[in-house]
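Working notes, structure below.
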Amino acid sequence: RACGGRDCDDARRDVNPNAEEVTDGTDNNCDGGIDENIVGVGDPQVTLFWENGSDLDLHVYAPDQCHLYFRGRDCGAGHLDRDARADCQPGREAPPENVFFDRGAAPAGEYTVKVRYFRDCGNGRTPFTLNVSVNNRIVLSIDSVIERECRDEADASAECEKTYTFQR
C-alpha cells in the first residue's frame, strides 16, 4: 500500500482521495475512515467485510479487558454498531461488521482482533477483508479466507478463526 502520493492504494484505481466511500470494508477515499457515513467511525476502528451469505463474527479485545462482539456490543469506550448476517436470517444487516472506539477515550496498548466463522449458511469457504484504522491511518489491512464454521465456542482452529493484533 503506497501512502503519501496521489493514491493511497496503487493497486486499486477505485481507491483514491477523490473516490466515493462505499460499503466494502475499505477506506475508498483515503481519509482514514472505513465506510464512514455507513458505520460508526472512531479511533481505533475495526471493520470486517465479506460478500457471501455466511455469518462471520468480529471480536475485538481491548487492553482494558473489554471484549466487543455480538453478545457485548458496548464496553468502555468501544462499540459494535453492526452485527451482520446474524444466524443467517434473511433481511438481517449485510456486512460490514464494525467496532469503533470513542475518539480520545480508547486505552493505549495491544488490541486483539478475531474473525470467527459462526455459521456457513450454506456458503462454505468465505473470503473476507479486515481493516484497522488508528489515528485516521490504516495500520492493518488483511485479505484472507476462512474455511469452515467453528464447531463450538472452544473451537479456535485456523480453519474457523483468524487472529490479528495491533497497537494503539
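The values are calculated or read from the model by the stated rules, or taken from the named source; none is laboratory data. What you see is a predicted model, and the numbers here were worked out from it, not measured in a lab. Ideal geometry is used to build each Cβ from the backbone, glycine not excepted, and the neighbour counts take in all protein chains shown. Only protein heavy atoms, including side chains, enter the accessible area calculation; ligands, DNA and RNA are left aside. Shrake-Rupley method; radii C 1.70, N 1.55, O 1.52, S 1.80 Å.
Summary of values
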quantity: Over the stretch 32-104, equivalent-ellipsoid semi-axes from the Cα gyration tensor in Å; calculated: 21, 14, 9
quantity: Under 10 Å, Cβ to Cβ, from Thr129 - net charge with Lys/Arg +1 and Asp/Glu -1; calculated: -3
quantity: Karplus 3J(HN,Hα) series, Hz, for the stretch 63-71 with 6.51 cos²θ - 1.76 cosθ + 1.60 (x for Gly, Pro); calculated: x, 8, 6, 5, 10, 9, 6, 4, 9
quantity: Charge dipole (debye, nearest 20) of the chain; +1 at Cβ of Lys and Arg, -1 at Cβ of Asp and Glu; calculated: 220
quantity: Environment charge of Ala108, counting only residues whose C-beta is closer than 13 Å and scoring Lys/Arg +1, Asp/Glu -1; calculated: -2
quantity: The stretch 1-143 - percent of accessible surface contributed by carbon and sulfur, probe 1.4 Å; calculated: 42
quantity: Antiparallel DSSP beta bridges within the stretch 1-150, percent to nearest 5; calculated: 95
quantity: Probe 1.4 Å, accessible area per residue of the stretch 75-121, Å²; calculated: 42
quantity: For Arg92, net neighbour charge (Lys/Arg +1, Asp/Glu -1) across residues whose Cβ lies under 9 Å away; calculated: -3
quantity: Ile38, Ile138, Ile146, ranked by accessible area, largest first (probe 1.4 Å); calculated: Ile38, Ile138, Ile146
quantity: Pairwise label distance in nanometres, Ala105 with Val139, each label 7 Å out on the Cα-Cβ vector; calculated: 1.9
quantity: Low-density loop positions, GluC sites (Glu not before Pro), the stretch 84-115 - DSSP coil, at most 14 other Cβ in 10 Å; calculated: Glu93
quantity: Theoretical gain in end-to-end length, Thr165 to Glu147 [0.36 nm per residue, Cα-Cα removed]; calculated: 4.4 nm
